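Below is one structure, written out as C-alpha cells, with a few remarks after it.
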Amino acid sequence: MSILQPPPSSLSKVFYSDNGSTAVEVALKMAFQYWKHKGIDGRNTFVSLRNAYHGDTLGAVSVGGIDIFHKTFEPLLLKTYKAPSPYCYRCELGKTYPHCKFACLGEIDSILYDHAGEIAGLIIEPLIQAAGGMITSPSGYLKGVKELCSKYNILMIADEVATGFGRTGKMFACEHEDVIPDIMCLSKGITGGYMPLAATLATDDLYNAFLGEFSDMKTFFHGHSYTGNPLACAAALACLDLFEKEHVLENLQGKIAVLEAWLQEIVQFAHVGDVRNAGFMAGIELVEDKETKKPYDREEKMGWRVAHRAREQGVFIRPLGNVIVIMPPLAISEQNLGQMMKVMKETIFAVTGS
C-alpha cells in the first residue's frame with residue numbers, strides 16, 4: 001500500500017482541521033453524534049487514561065490525565081472515566097511487569113462492564129503516552145484495549161498526533177499490534193511541522209451514520225476557517241512524497257537499533273531508574289535512589305539541569321519533570337545521532353554524579 005494512502009485502509013473517510021487538539025475535538029463530537037444517529041441515547045461520556053495528553057481545548061483536556069496541565073480547568077470539563085496508565089515502572093495498581101498490563105486491562109474491563117451504556121468512546125495514545133512521561137505500554141496492551149472496546153461495542157479513538165508518521169518505526173503506532181481503531185487523530189508529522197494541518201480519520205460505518213435526507217439534519221456541524229487549507233495540504237503531500245522517495249521508514253530501523261542499544265548502556269547509571277522507548281520516541285527517568293525508585297524532588301529540577309547542560313554543548317532536549325525526552329528528527333544522520341547520544345551520556349553522568 002502506498003504511503004499516500006495511509007493505512008489502515010478501512011479508515012477511508014477524512015475530516016480536516018488544523019492541529020492535534022482540534023483533531024481530537026472532532027473525534028469526540030463525531031463519536032458522540034454517531035450514537036445519536038444510531039438511535040442510542042445516553043452515551044455522553046468517554047474513557048481515557050491517567051497520564052494522558054490529548055491537547056489543550058476543553059474536550060481534549062477533559063480526556064487528559066495530567067494534573068499539572070488540566071487541574072485548573074476541572075470545573076469546565078466533561079465527565080469522563082479514567083483508567084490506570086500502563087506505567088509498569090510505577091504501576092499505580094502495585095503490580096510489576098507483566099502483571100501491570102493485565103491489571104490495567106482488568107480495570108478498563110470493569111469500567112466498560114459497569115458503564116458501557118454511558119460511554120461513547122475510549123481514547124488512547126497508542127504505545128506511548130508522550131507528555132505523560134514517555135510512558136510505553138507493555139506488548140499486547142493496545143490490542144487488549146481494542147478487544148475490550150469490541151467486546152462492549154465502544155468506539156476506539158487512537159490519538160496518533162504524536163505517534164503517527166514514523167515516530168514509532170511504523171507509519172502508525174497501531175500497526176505494531178495490528179489494531180484498527182474506529183477513529184484516528186493525526187497532525188504534527190503530517191506536514192513535518194511546516195504548516196498547521198490535522199486530520200480525523202473514520203470508518204465507513206461511522207461515516208454512513210451521518211448520511212440521510214436533508215430533512216434528517218444529520219450533518220456533522222463542525223468546521224474551522226482553515227480546514228483543508230490548500231497550502232497545508234500541499235506541504236503534507238510533499239512530506240508524504242519524501243517518506244517514499246527517501247525511504248524514511250526503512251532507513252529509520254537502524255537508527256532505532258542504535259538508540260535502543262545506547263539506552264541499555266544508560267540504564268546502568270546509578271541514577272537512571274528506567275529507560276523506555278517506542279521506536280524513535282524514548283524517555284530516561286532519573287531517580288534519587290535506584291533501588292527504591294525514589295524520585296528526585298521536583299524542586300531539584302534534575303531534568304532541567306540535564307537539558308540546560310546539554311544545550312551548552314549544542315544538543316537541544318526537553319525534560320518532563322525527571323524524565324528526559326528523546327525525539328530526534330526522523331531524518332537525523334547517524335553522525336548527528338551519535339553526537340547527540342554522546343553529549344547526553346556525558347551530561348547525565350555529570351549532573352547526577354554517576
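No value in this document is a laboratory result; all are computed from the given coordinates. Treat the numbers as computed from the prediction; the structure is a model and nothing was measured. Here the Cβ positions follow ideal geometry from the backbone for every residue, glycine too, while neighbour counts run over all protein chains shown.
Between Lys290 and His308, what is the spin-label point distance in nm, taking each point 7 Å from the Cα along the Cα→C-beta axis?
2.6
Quick check on my link table: of Lys36/Lys71; Lys245/Lys342; Lys146/Lys290; Lys95/Lys301; Lys38/Lys146, which ones sit more than 32 Å apart, alpha carbon to alpha carbon?
Beyond 32 Å: Lys146/Lys290.
Can you check what the net charge comes to around His308, using other residues whose Cβ is under 15 Å from the Cβ of His308 (Lys, Arg +1; Asp, Glu -1)?
+2
Distance in nm between label sites at Thr57 and Ile332, each 7 Å beyond Cα in the beta-carbon direction?
3.2
Under unit Cβ charges (Lys, Arg +1; Asp, Glu -1), what dipole magnitude, rounded to 20 debye, does the chain have relative to its Cα centre?
Here the chain has a charge dipole of around 420 debye.
How much net charge surrounds Thr22 when only other residues with a Cβ under 11 Å from its Cβ are counted (Lys, Arg +1; Asp, Glu -1)?
Working: positive: Lys29; negative: Asp18, Glu25, Asp56.
Here the charged neighbours net out to -2.
Could you list log10 I(q)/I(0) for the stretch 265-354 at q = 0.18, 0.26 Å⁻¹, which the Debye formula gives when each Cα is one point scatterer?
Computed log10 I(q)/I(0) values: -0.75, -1.51.
Report the chymotrypsin sites (Phe, Trp or Tyr not before Pro) located in the stretch 266-354 that are in a DSSP loop and have at most 12 other Cβ atoms inside 10 Å of their Cβ, or state none.
Those satisfying the criteria are Phe316.
Tell me the GluC sites (Glu not before Pro) within the stretch 281-353 that lie in a loop according to DSSP and have at most 12 other beta-carbon atoms within 10 Å.
Counting only loop positions with at most 12 other Cβ atoms within 10 Å, the GluC sites (Glu not before Pro) in the stretch 281-353 are Glu291.
So how much slack lies between Gln268 and Ile40, counting 0.36 nm per residue of separation and subtracting their Cα-Cα distance, in nm?
So the chain would gain 76.7 nm between Gln268 and Ile40.
Pop the C-beta distance of Leu211 and Asn251 into the FRET formula with R0 = 41 Å and round what comes out to the nearest 0.05.
Efficiency computed from Cβ-Cβ geometry: 0.45.
Which lysines does Lys13 reach when only Cα atoms under 17 Å apart count, and residues fewer than 8 places away in its own chain are ignored?
The qualifying lysines are Lys29, Lys218.
Grab the DSSP H runs of the chain that are 4 residues or longer, score each as -39,500 (n - 2.57), total them, divide by all residues and round the 222 nm result to the nearest 500 deg cm²/dmol.
-11000 deg cm²/dmol
Using a 10 angstrom cutoff on alpha carbons, build the Gaussian network for the chain and name the most mobile of Ala270, Ala131, Ala158.
Evaluated over the chain, the most mobile residue of the options is Ala270.
So if we plug the beta-carbon distance of Lys29 and Ser139 into 1/(1 + (r/R0)^6) with R0 = 30 Å, what FRET efficiency do we get, rounded to 0.05?
The computed FRET efficiency comes out at 0.35.
Read phi for every residue in the stretch 295-305 and hand back ³J(HN,Hα) as whole Hz from Karplus 6.51 cos²θ - 1.76 cosθ + 1.60, θ = phi - 60°, with x for Gly and Pro.
Ordered by residue, 3J(HN,Hα) equals x, 5, 4, 3, 5, 6, 6, 4, x, 5, 5 Hz.
For Val272, what residues show an amide H to amide H distance below 5 Å, using hydrogens built from the backbone and excluding near sequence neighbours?
Val287
Which cross-chain or sequence-distant (5 or more) residues have an amide H under 5 Å from the amide H of Asn51, H modelled 1.01 Å from N in plane?
Hits under the 5 Å cutoff: Gly65, Ile66.
Quick one: work out the % antiparallel among DSSP beta bridges in the chain, nearest 5. Write out the running numbers ahead of the final one.
On the way: 26 of 40 bridges.
Expressed as a percentage, antiparallel bridges in the chain total about 65.
Karplus couplings for the stretch 73-78 from phi (6.51 cos²θ - 1.76 cosθ + 1.60, θ = phi - 60°), rounded to Hz, Gly and Pro as x?
After applying 6.51 cos²θ - 1.76 cosθ + 1.60, I find 9, 3, x, 9, 8, 5 Hz.
Go through the stretch 287-292 residue by residue and turn each phi into a ³J(HN,Hα) via Karplus (6.51, -1.76, 1.60, θ = phi - 60°); whole Hz please, and just put x for glycine and proline.
Computed from phi, the couplings for the stretch 287-292 are 9, 6, 10, 5, 5, 8 Hz.
Run the numbers on the chain and let me know its relative contact order in percent, using alpha-carbon pairs under 8 Å that are six or more apart.
Relative CO of the chain lands at 17 percent.
Would you mind working out the magnitude of the charge dipole of the stretch 278-354 relative to its Cα centre, with +1 at each Lys and Arg C-beta and -1 at each Asp and Glu C-beta, to the nearest 20 Debye?
Working: 11 positive and 10 negative charges, 29 e Å.
The dipole of the stretch 278-354 has a size of about 140 debye.
Could you state the number of Å between the C-alpha centres of the stretch 50-113 and the stretch 245-291?
That distance is 24 Å.
Is the shape of the stretch 68-138 best called rounded, prolate or oblate, per the rule: a/c under 1.5 gives rounded, else a/b larger than b/c gives prolate, else oblate, with a ≥ b ≥ c the square roots of the Cα gyration tensor eigenvalues?
The shape class here is oblate.
Amide H of Leu320: which non-local residues (sequence gap of 5 or more, or other chain) have their own amide H closer than 5 Å, using H built in the peptide plane?
So Leu320 has HN proximity to Val325.
In the set [x] 145, 53, 30; [y] 70, 47, 34; [z] 63, 50, 40, which value of Cα extents along the principal axes in Å was calculated from the structure you see?
Read-out taken from this structure: [y].
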